[in-house]
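The values are calculated or read from the model by the stated rules, or taken from the named source; none is laboratory data. Source: prediction; values computed, not measured. Heads up, the Cβs are rebuilt from the backbone with ideal geometry, glycines too, and the neighbour counts pull from every protein chain shown. We work out accessible area using only protein heavy atoms, side chains counted, and drop any ligands, DNA or RNA first. Shrake-Rupley method; radii C 1.70, N 1.55, O 1.52, S 1.80 Å.
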Amino acid sequence: MSGHSKWATIKRKKGALDAARGRVFTKLIKEITVAARMGGGDPKGNPRLRRAVDDARAQSMPNDTITKAIKKGTGELEGVSYEEITYEGQGPGGTLYVMDVVTDNRNRTAPELRKIFDKHGGTLGAAGSAAWAFDPKGVITLEKAVATEEQLFEIAVGAGAEDVRDDGEEWWIQTPSDGLDAVRDALEGAKIAIKSAKRTRVPKTPKELGGRDAEVIMNLLEALEEHDDVQVVATDFEPSAEAL
């Protein structure tokens, strides 16, 4: 199991995953708005928007809210101007972090992220200081009950997936970054319900840590993910068996 997947497991056990509904909606609205601005307002012709809309519906976001976010992205409604920025940092134990951010004010966001890293024994780094340690990938998660491992291997790997793993509570499928939508379409074509489908970064060489370092790192990750402007955090931290 990857560090990314183990961190998700820890969040579920701690009850931290999507704990603040309003914050989740804020992040989803930003992603829908940016996706619509970049690729148009039709989810059928805009895979990124389709993923964002599906994620919003999975969180029970009202259709009216989704529609307004799309229209703000396409310019049909007046809205905030967002920009996408990637920040990188280093934490305890030499762990590395890459954060995809959507903000309307980078002069506010950067100092806030720097403060979070400083508080948790890390540093906000320069461009290129951490991204080299990750490979861009796609990750699809599914409830365990929707398919067998054999079905997933046949359908997902047949459509280009690189790996199918049992994450205990769900299936975890890794794809090439540019193959995410093809695998997703194959699963949906087979009437297999998808929990989430996202582009992410997977560490080339995970760093396994436990003890005090693991505790500080998990607090750092929570603080980063709770920031309204941070959409996705990738880390090469892998919790030890003790931490899990």
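Summary of values
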item: Residues being closer than 28 Å to residue 29 by Cβ and of a type outside the set (Val, Ile, Thr) - total across segment 89-130; result: 21
item: Positions within segment 206-221 being surrounded by fewer than 18 Cβ atoms within 10 Å (Cβ to Cβ) and either touching a Pro at 6+ places or on another chain (Cβ under 6 Å) or in a helix (DSSP H, G or I) (or both), in sequence order; result: 211, 212, 215, 219
item: Where residue 241 falls short, out of the listed (1) surrounded by fewer than 17 Cβ atoms within 10 Å (Cβ to Cβ); (2) part of a helix (DSSP H, G or I); result: (2)
item: Residue count for segment 142-155, restricted to those that are over 14 Å from residue 197 (Cβ atoms), open to solvent by less than 40 Å² (accessible area, probe 1.4 Å) and either assigned to a strand (DSSP E or B) or of a type in the set (S, T, N, Q) (or both); result: 0
item: Considering residues of segment 182-205 that are part of a loop (DSSP other than H, G, I, E, B) and more than 30 Å from residue 96 (Cβ to Cβ) only, the residue most open to solvent (accessible area, probe 1.4 Å); result: 191
item: Qualifying position, being farther than 29 Å from residue 23 by Cα, at pLDDT 90 or above, open to solvent by 60 Å² or more (accessible area, probe 1.4 Å) and more than 16 Å from the chain's Cα centre (by Cα), among 158, 179; result: 158
item: Qualifying residue in segment 171-184 (condition: more than 22 Å from residue 43 (Cβ to Cβ) and among the charged types (D, E, K, R)); result: no
item: Any chance residue 139 is in contact with an Asp or Glu (Cβ under 7 Å, 6 or more places away or on another chain) and either outside any helix (DSSP H, G or I) or of a type in the set (Lys, Arg) (or both); result: no
